[in-house]
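A.B. asks: Below are the structure tokens for one structure; questions will follow.
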Amino acid sequence: MTFRLLIAAQALLLIGALGAGGVPAQSASGPSAPKPSLIVRDLDSPAGPGSAQPNIYPSPDGRFYLSWLEPAGEGRHAFRFAVRGAGGWSEPRTITEGNDLLVNWADFPSLVAGRGGELIAHWAIKGTPGTHASSIRMARSRDGGRTWGKPFIPHADRSETEHGFVSLMPMRDGRIAAVWLDGREMKEGSPGGHGHATGDMSLRFTMVGRDGNASEDLPLDLRVCECCQTSGAATSDGAIVVYRDRSEDETRDISAVRFSRGKWTEPQGVSADGWKISGCPVNGPSVAADGKRVAVAWFTAAGETPRVRVAFSDDAGASFGKPVQVDDAAPVGRVNVLMLPDGAALVSWLERTASGAEVRVRRVAPNGSRDGSLKVAESNAARVSGFPRMARAGDEIVIAWTEPGASPRVRTAIIKYARK
């Protein structure tokens, strides 16, 4: 997806993040702050030069699947992945490549692992040149990624509009739940809520069976923010999906829908931040679940004060407690969250610094207590730095991010979690 309308909105967020004096606040992890219960060590990345848009997913057998995009010559890009087990990263394999892959700093492809070595991947294809259209592709592998089935389109709509920001959730029965942002009600060529189209972006859902066939796609919310990531997780009660909503008065707070008792619930707010903004901030939420325990992390700049927040639920997302501030006072956002074995959450985000930005993580407990934040890597606030992603298997966490520079590259590190 494209984001021409966002320059002014992002400039506003930059001013708010820097504050009146133009100097970012320093980390709260000083001598008096609680020490992080985490240790970070570098991990050689399997991604090649120019790689970006990483995503990472833990398999049921405790391995990590890292996926990314990288140049493949002559205007082509390859969607690749590698697996990390006890012996380290495997050799990278290519899922697909071509000159029609959508390469976008915020709308990145993904790969998820089911049981028995089954994998399913998604990516986006550019539409007709001169339009902002895109369509989604998905494919399955039943042999650990050595071969892939014929790609298919999960959405029934074939119009030249935008389809993207997909979240995939493997279900216990082997099916895959997929949600995405769908622009079938938006029209190209006129100014409107998306800066280049009229009409509303919607959130839609389908279930992909083991045979590769997708069910009828259904609307979950008919008016949502146009280009913020969606996020989904499987609780013990069913799936939960979080996204940035959009009200008639341009309030763009975080909402959730749940698949409960065989049907989807009506959207409900996770937190009433009251952030009114006329353009999409390209800063979606993240959700993680462990049984009935759920954590949602997100960015907001309500009241012209940028913040990263996390809220907890102990009833599979039916209700949430009071949000806890995560950041160190100058966040860029671009959050990710996962659940820890002790019931706390680990949140990653980008934090502005005097020299640029840092990828940071922090452990936050449901009672609101916070460890000190921990720097993972130097970064910057530009689009090329992308969205850091994390996954956990047991007590080990792998984090992936795009290292900016003249030749960006996906980097990885291990975060060791020390039980309290």
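A.B. asks: Has the stretch 381-391 got any residue that is more than 16 Å from the chain's Cα centre (by Cα) and more than 30 Å from Gly238 (Cα to Cα)?
C.D. replies: Yes: the stretch 381-391 contains one or more residues that are more than 16 Å from the chain's Cα centre (by Cα) and more than 30 Å from Gly238 (Cα to Cα).
A.B. asks: Additional query: For the stretch 143-190, give me the residue count where each residue is at pLDDT below 95, surrounded by fewer than 18 Cβ atoms within 10 Å (Cβ to Cβ) and of a type in the set (S, T, N, Q).
C.D. replies: 2
A.B. asks: Related question: In the stretch 257-356, which strands (runs of 3 or more DSSP E) lie fully inside it and hold 1 or more residues that are under 17 Å from the mean Cα position of the chain (by Cα), under 26 Å from Glu226 (Cα atoms) and among the basic types (Lys, Arg)?
C.D. replies: In the stretch 257-356, 307-313, 331-339 are the strands (runs of 3 or more DSSP E) which contain 1 or more residues that are under 17 Å from the mean Cα position of the chain (by Cα), under 26 Å from Glu226 (Cα atoms) and among the basic types (Lys, Arg).
A.B. asks: Identify, from the list Arg334, Arg307, Arg252, Arg246, the residue that is more than 30 Å from Thr353 (Cα to Cα) and basic (Lys, Arg).
C.D. replies: Step by step, each of Arg334, Arg307, Arg252, Arg246 is checked, and only Arg246 is more than 30 Å from Thr353 (Cα to Cα) and basic (Lys, Arg).
A.B. asks: Go through (1) surrounded by fewer than 22 Cβ atoms within 10 Å (Cβ to Cβ); (2) at pLDDT below 95; (3) on the phi < 0 side of the Ramachandran plot; (4) of a type outside the set (Lys, Arg) and name the single condition Glu266 misses.
C.D. replies: All conditions are met except number (2).
A.B. asks: In the stretch 361-420, which residues are surrounded by fewer than 19 Cβ atoms within 10 Å (Cβ to Cβ) and of a type in the set (Val, Ile, Thr)?
C.D. replies: Answer for the stretch 361-420, where residues must be surrounded by fewer than 19 Cβ atoms within 10 Å (Cβ to Cβ) and of a type in the set (Val, Ile, Thr): Val384, Ile414.
A.B. asks: If you don't mind, there's one more thing I want to ask. What are the residue pairs meeting all of these: first residue in the stretch 63-85, first residue small (Gly, Ala, Ser) and modelled with pLDDT of 95 or more, second residue buried (at least 20 other Cβ atoms within 10 Å of the Cβ) and assigned to a loop (DSSP other than H, G, I, E, B), Cβ atoms under 7 Å, and 6 or more apart or on different chains?
C.D. replies: Ser67/Pro109; Ala82/Pro46
A.B. asks: Still on this model: For residues that are in a strand (DSSP E or B) and in contact with a His (Cβ under 6 Å, 6 or more places away or on another chain), scanning just the stretch 135-164, find the one that is farthest from Tyr243 (Cα to Cα).
C.D. replies: Only one residue tops the list, namely Met138.
A.B. asks: Restrict the check to the stretch 217-225 and report whether at least one residue is part of a loop (DSSP other than H, G, I, E, B) and touching a Leu at 6+ places or on another chain (Cβ under 9 Å).
C.D. replies: Yes: the stretch 217-225 contains one or more residues that are part of a loop (DSSP other than H, G, I, E, B) and touching a Leu at 6+ places or on another chain (Cβ under 9 Å).
A.B. asks: While we're on this one: For the stretch 119-131, indicate whether the set of residues that are more than 17 Å from Phe387 (Cβ to Cβ), at pLDDT 95 or above, surrounded by fewer than 20 Cβ atoms within 10 Å (Cβ to Cβ) and hydroxyl-bearing (Ser, Thr, Tyr) is non-empty.
C.D. replies: No: zero hits.
The values are calculated or read from the model by the stated rules, or taken from the named source; none is laboratory data. In this text, all values refer to a predicted model and were calculated from it rather than measured experimentally. Cβ: placed from backbone, ideal geometry, glycine included. Neighbour counts: every protein chain shown.
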